[in-house]
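Scroll down for the structure; my scribbles are underneath it.
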Ligand code: EPZ
């Protein structure tokens, strides 16, 4: 089993370019199936979730090839083959193929995507919306969609689900009539998908708001699109320097997408300078505790940064309270942080953290993507050496993160 060996205590210094966004590129890859021709994605991150999605695109007939960090997709020919459980367990984003195939082929059959360590992650909101679009959805061993009668609708989401919003947009973009989505997710990854589709000829308004209007068009055309920077990877490097100390400059950044992440860091005593496409972050002594942080839909504090802030709270000065309002089981990393000396009490959706002056290295195992990142961040600031297993979780979303940290001065190696 691969393991990262991290000797803590080295401050981080230097400049690093942020990778393309995992949670933006996966919907764009699904959307490429709606375009009967070539889609070129520039600045695509080489991460295992993207590799899994390329396999899915090939499975339904698309041709996909890499040219360095450019992904070239040709979806001239697409057929709605059954996407089985062996495919859907690889990445949650597979669910977005339903919407894309509904638009392109008026038909889709897929096994249920698996849950994961952070929650059951049902797809009821997705399927209820498809039914409103007059898709005949049959649920059993798998999800079967017959969209021969696809028709625009007015949909009010019970929760601003990111994936459900994206799936509805994908299903409606080449449907018949007008679809309105109320209480739509406002995450940047929804807006980037809409911008991509508009550039390909779609008619979408309200981009970036909770009210989207999609007017179905006959056909989309080929495009080349740059993958936006990954806001959670940027937040991860920001957390790393606040854990290990030092001063780093992050380039290829969308600072406006990180307001809710930067604010608590500054309030806790971190120094953060925001330039147009760069962030310079410096640790100025021990962080103060986070009096109360709660995860919310965008533009609130992102759930994907919750584990990282749990790690920062573990050595902050005072008691922090962090509430997780998006996923029902996203404090799994707390018990591994406790093996490093963190004092965390979890009660339902809330975690209370009694900040220690320092953590101490130990062997720890990651159970999910952002939990793995949180353990890495904690280990960088801990005394002594940490062995981190579950590295495959990191590779799902972070491109070369340990080489990136090592380049900034961290003592870290893969074993
Ligand atoms: C996306 O997941 C992201 N994944 C997640 O990032 C992110 O945490 C999440 O949005 C919230 O921001 C990708 O973009 C690939 P949701 P998604 O639908 O779309 C419940 C990471 O670490 N729900 O907004 O699945 C659901 O169970 C990953 O990069 C239903 O109940 O998130 C959850 O509690 C983790 N029924 C909440 O809504 C549904 O039909 C938010 O889910 C759909 C969702």
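The values are calculated or read from the model by the stated rules, or taken from the named source; none is laboratory data. Fair warning: this is a prediction, and the values are worked out from it, not measured in the lab. In this analysis, Cβ positions are derived from the backbone assuming ideal geometry, glycine residues included, and neighbour counts consider all displayed protein chains.
A few points about this structure:
- Contacts under 6 angstrom Cβ, first residue in the range 300-320 being free of Cβ contacts under 8 Å to residues at least 40 places away in the same chain, partner part of a helix (DSSP H, G or I) and buried (at least 24 other Cβ atoms within 10 Å of the Cβ), 6 or more apart: 320/313
- Those helices (runs of 4 or more DSSP H) of the range 56-157 in which 1 or more residues are within 15 Å of the ligand (Cβ to nearest atom), farther than 30 Å from residue 224 by Cα and modelled with pLDDT of 95 or more occupy 124-132.
- Pair list, Cβ < 8 Å and 6+ apart or interchain, from the range 38-53 residues that are in contact (Cβ under 8 Å) with a residue 24 or more places away in the chain to residues that are within 11 Å of the ligand (Cβ to nearest atom) and in a loop (DSSP other than H, G, I, E, B): 45/21; 45/230; 47/398; 49/91; 52/91; 53/91
- Strands (runs of 3 or more DSSP E) fully within the range 173-251 counting 3 or more residues that are more than 30 Å from residue 358 (Cβ to Cβ): 178-182, 203-205, 211-215, 223-226
- Evaluation of residue 199 against (1) free of Cβ contacts under 8 Å to residues at least 60 places away in the same chain; (2) over 26 Å from the mean Cα position of the chain (by Cα) (one fails), failing number: (2)
- Lone unmet requirement of (1) within 22 Å of the chain's Cα centre (by Cα); (2) within 25 Å of residue 302 (Cα to Cα) for residue 182: (1)
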